[in-house]
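FYI, it's all coordinate maths here, none of it is from the lab. Please read all numbers here as calculations on a predicted model, not as lab measurements. When we count neighbours, we look across all protein chains shown, and the Cβ atoms used for this are built from the backbone with ideal geometry, even at glycine.
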Amino acid sequence: MRRGFLAIAVALGVLALISAPTACYLSRGAWEEAKILSRRQPISELVRDPRTPKNVKEKLKVVLAARKYAKDSLKLRAKDSFTTYSRLDHDTLVLLVSAAYRDTLKAYTWWFPIVGRVPYKGYFDFDAARRDAKNLAADGFDVYVRPSDAFSTLGFFNDPLLNTTLRGDTLSLANTVIHELTHNTFYASGQAPFNESFAMFVGARGAAAFFRSRGQEAAAAKLDAQWEDDKLLARFWARLIRSLDSAYAAHSYDKGARIAARDTVYIRARAALVGEIAPQLKTINPRYAERVPLDNASLLARRVYASDLDVFDTVYEKEGRDLRRTIGRVIALAKSNRDNPFAELRRWVRGSEVGRRESK
């Protein structure tokens with residue numbers, strides 16, 4: 001506990017070297033993290049406590065078991081993360097704000113120490129989030145605001161389980177634990193789409209493997225179906241991005257025409273999402289297709305978590321569906337090309353396919 005607060009104190013000292021707005025934002029984040037750390041209770045004690053409701057105990061047991069599986073079987077860097085529990089004063093952890101230019105598929109980004117440039121900003125101060133979102137919209141950006149119930153400090157602190165995360169079912173809890181421990185294990189600075197998409201893959205495949213190891217095939221099958229839905233939507237978002245790129249390129253010298261063209265693309269995308277994609281979804285309510293926001297900010301925000309998900313599964317297949325080996329392979333490839341880890345994964349996939357053909 002003391003080590004966590006010392007780290008925060010050092011971080012606050014560094015903030016003196018950063019511009020005032022960023023320093024204020026980060027110091028608020030450090031303060032909120034300090035409160036979270038100060039409220040930590042060992043999960044093992046809560047499990048033994050007779051006052052803990054039975055359904056909560058069962059969820060907490062799953063968290064501890066999923067963490068152990070991630071550490072022992074997947075060799076993720078767990079440290080003491082998810083061995084404690086903290087209760088927040090409210091039912092939302094942070095609000096995430098994303099923004100994007102309307103006449104080009106370019107995200108508005110923020111820069112922070114260590115993690116580099118990222119296409120979203122998390123706010124513990126919800127009024128500040130709404131205020132900044134309003135200002136960005138007034139400046140002509142598409143803006144997307146949504147809640148988040150979990151986050152990772154990338155292993156700098158031993159992240160506790162939060163009450164905002166505990167609201168989920170056991171499947172989402174196991175997925176979240178493994179997802180966040182993936183961030184603890186590897187995080188490429190300035191490569192948010194790669195980091196989040198990789199963690200999505202490990203969380204989904206890892207949670208399914210975890211439940212199979214416990215003989216819970218129905219739970220594993222549902223997680224597999226959720227992952228297939230995620231990949232289906234990821235492919236749709238990728239096609240939509242290509243359509244938008246083409247529309248913008250066709251009107252490269254006229255901003256107004258670019259915006260009008262993109263509006264037409266989104267109208268067609270909505271029809272395709274409702275008529276073609278929704279009927280194929282197995283675990284997502286089809287009404288999602290009618291309600292999900294369609295604009296550049298929301299599209300790019302979703303792509304942060306759904307970039308080229310199929311390439312991870314391709315590596316997984318080529319590694320004999322051995323998830324531990326796949327994680328090691330992906331991390332090694334990403335380290336060899338930190339500026340474009342996705343390109344390195346695709347290059348390796350192509351090379352392994354050529355090698356397989358030549359060996360026949």
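A few remarks follow.
- A crude spin-label estimate for the pair residue 287 and residue 317, with each label 7 Å from Cα along the Cβ direction, gives 3.6 nm.
- Ellipticity estimate at 222 nm from DSSP helix runs (n ≥ 4, -39,500 (n - 2.57)) divided over the chain, nearest 500: -20000 deg cm²/dmol
- Listed by chain and number, the lysines placed with their C-alpha closer than 19 angstrom to that of residue 282 are 222, 231; residues fewer than eight positions away on the same chain are left out.
- Gyration tensor verdict on segment 63-190 (Cα atoms; rounded if a/c is under 1.5, prolate if a/b is larger than b/c, oblate otherwise): prolate
- Contact order normalised by residue count of segment 244-346, Cα under 8 Å, 6+ apart, percent: 13 percent
- Ordering of 219-231, 44-56 by packing [mean C-beta count within 10 Å, highest first]: 219-231, 44-56
- Fully extending the segment from residue 106 to residue 228, taken as 0.36 nm per residue of separation minus the present Cα-Cα distance, adds 41.2 nm.
- Judged by the mean number of other Cβ atoms found within 10 Å, the most tightly packed of the peptides 327-334, 280-287 leads the ranking 327-334, 280-287.
- The chain: Rg to Rh, with Rh as the Kirkwood radius over Cα pairs: 0.97
- Cα gyration tensor shape of segment 280-348, rounded if a/c is under 1.5, else prolate or oblate by comparing a/b with b/c: oblate
- Label-point separation in nm, residue 90 to residue 268, each point 7 Å along Cα→Cβ: 4.1 nm
- Taking amide H as placed 1.01 Å from N in the peptide plane, the amide H of residue 85 sits under 5 Å from that of 41, 43, 161, each at least 5 places away or on another chain.
- In this simple spin-label model, placing a label point 7 Å from the Cα along the Cα-to-Cβ direction at both residue 332 and residue 46 gives a separation of 3.8 nm.
- Value of relative contact order over the chain, rounded to a whole percent, pairs C-alpha under 8 Å and six or more apart: 17 percent
- Anisotropy class of segment 237-360 from Cα gyration tensor, a/c 1.5 cut: prolate
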